[in-house]
Every structure is written in C-alpha cells, then in structure tokens.
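To start, the structure under review is shown below, and the notes come after it.
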Amino acid sequence: MRVLLVEDEEKLSSFVMRGLAEHGYAVDIALQKSEAVALASDNEYDLVILDVMLPDGSGVDFAKWMRMNEYTGPILMLTALSSTNDKVKGLDAGADDYLAKPFAFEELMARVRALFRRYGEGQESSVLEFADVSMNLIHRKVTRRGQEVRLTTKEFALLEYFLRNAGRPVTRTEIIEHVWDMGFDSGSNVVDVYVNMLRKKVDQPFENKLIHTVVGYGYEIREE
Ligand code: CA
C-alpha cells in the first residue's frame, strides 16, 4: 500500500514513515502543501495522512483538492488542534478520521487498519484470506493451509497487494505504484524478482499454484 504523508514536522514525519515502512507500506513524504499537490498529481496513493497546519497552506484545503481530483481512498488528518470546529471542517472537506497530536504509533496503525477495513470491499476483519492463504494484518503473519509462511516486509506488502486484488490481473506498473515508493528505480526488474521470491515461499511447497503470470500484462492471484 502506498501512502502519501503530508507533515512539515520532520521529526514526526520520519518517525511515522519509519513505522509505516516497518509494516510494509511504501511512503512518500511531502513537507508542504505544494509538494503534496505535485506528488499526488504524479502518483496513485492508497492512503493520505495529512497534517492540518502546513507552512504554505492548510491540510483541510489539500483534502478538499484531493477529493475534487477524484481521490477516493481514505484520508486521516493529524492535528494539534482539538476544537470541534476544526474537526468538522476537516471532515466536511473529505477527511475520514482525525488523530490528535501527540499520538502513539500503535494508535495511528489501528486507525489506518480501521480505515482500510471501512474502504475495503467486503474485508470486514484484519485478516485477508484467499484460497488456503490467510494473512493477519495485526500480527503480520501469513499461513497457507495452516502452515506459517515467513515473509520479509516487502514480500508481505506484495502479497497483501495481490490479496487485496485477488481475481483481477495487476500490471507491474500498478504493483510498483502501490508497493514501492519514490526512491524506486522503475527500470529495474525488481517486481519480477520479488514475485519469484514470493512464489518460492507461498506456492512452491504446495500443489496448487496461486500466483500466475498474465503474459504481456502482469500477475494475478487466482485459483486454477
Ligand atoms: Ca504542521
């Protein structure tokens, strides 16, 4: 999942970025509203975490701009202000939830999971399931046929993206956009390398293969 984090307090943004990266999220940071607009114009994000007070404008206006530009994913606002009026303004502008500063990272993660649950189609719990694969998003644990499959953070993120798009082919570009961040060299074959590593762990030990190549397109997770 690719996250746009708009936060001008560098200490806070790097703390949040590190935490999200540990959970397998690909994160781009904008320190200003103008930077956020530029990033959002070029990239597709699955989640926006947004500070209200930015040096060159308001996070509320950025949320409004995102919605006007047909961003349909979740927006979580961070704020030091806790007056009801400010919350109402943010929610009216298209934010989904509020988190008051300071906060514990675990609380942020719990809110993020709740937002994805709310937005996910039919995904009611913190467990993603497909065929005999089960992914627990809280415990960061994957099992297949009850057997634990140990994945690295990036492999986990890639499998999470496949599971969220089960039954639909996804292109390498889509995978790159949602699993990797700005620092990624899109000319490399890193997607194929990671898919192969994932196959070794998720598919190879089992009879029925789930991760399929869609020739000339990309990959798809499906049952034969
Ligand atoms: Ca700020």
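The values are calculated or read from the model by the stated rules, or taken from the named source; none is laboratory data. Please read all numbers here as calculations on a predicted model, not as lab measurements. Here the Cβ is made from the backbone with ideal geometry for all residues, glycine too, and neighbour counts use every protein chain on show. With ligands, DNA and RNA removed, areas are computed over all heavy atoms of the protein, side chains included. Shrake-Rupley method; radii C 1.70, N 1.55, O 1.52, S 1.80 Å.
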What distance in nm separates the two pseudo spin-label positions at MET53 and THR213, each 7 Å out from Cα along the beta-carbon direction?
5.5
Residue-normalised accessible area of segment 129-205, expressed per residue, 1.4 Å probe, Å²
49
Largest to smallest principal axis extent of the C-alpha atoms in segment 113-218, angstrom
36, 35, 24
From the P(r) of segment 2-119, can you give the percent of Cα pairs sitting at distances over 26 Å?
8
Mind giving me the nanometre distance, one decimal, between the label points for ASN69 and SER188, set 7 Å out from Cα along Cα→Cβ?
2.8
Quick calc, ASN85 & ARG172: beta-carbon distance into FRET formula, R0 45 Å, rounding 0.05, result 0.45
Just read off the accessible area of THR72 with the full protein assembly in place, 1.4 Å probe, to the nearest 10 Å².
110
Charge context of LEU76, other residues only, Cβ under 9 angstrom, K/R +1, D/E -1
-1
Length-normalised contact order for the chain - Cα pairs under 8 Å, 6+ apart - percent:
17
Comparing GLU70, GLU35, GLU44, which has the greatest mean-square fluctuation in the GNM of the chain with Cα pairs linked when under 10 Å apart?
GLU70
Please tell me which of these pairs span more than 24 angstrom C-alpha to C-alpha: LYS87/LYS141; LYS64/LYS87; LYS11/LYS89; LYS101/LYS154; LYS11/LYS64?
LYS87/LYS141; LYS11/LYS89; LYS101/LYS154; LYS11/LYS64
So, in Å, what gap is there between the alpha-carbon centers of segment 57-135 and segment 181-219?
29
Once neighbouring chains are kept in place and the probe is 1.4 Å, which whole percent of the accessible area of segment 92-206 is contributed by carbon and sulfur?
47
Applying 1/(1 + (r/R0)^6) with R0 = 35 Å to the Cβ-Cβ distance of LYS201 and SER14, what FRET efficiency is obtained, to the nearest 0.05?
0.70
Is the shape of the chain best called rounded, prolate or oblate, per the rule: a/c under 1.5 gives rounded, else a/b larger than b/c gives prolate, else oblate, with a ≥ b ≥ c the square roots of the Cα gyration tensor eigenvalues?
prolate
So what does HIS139 come to for accessible area, using a 1.4 Å probe and Å² rounded to 10?
130
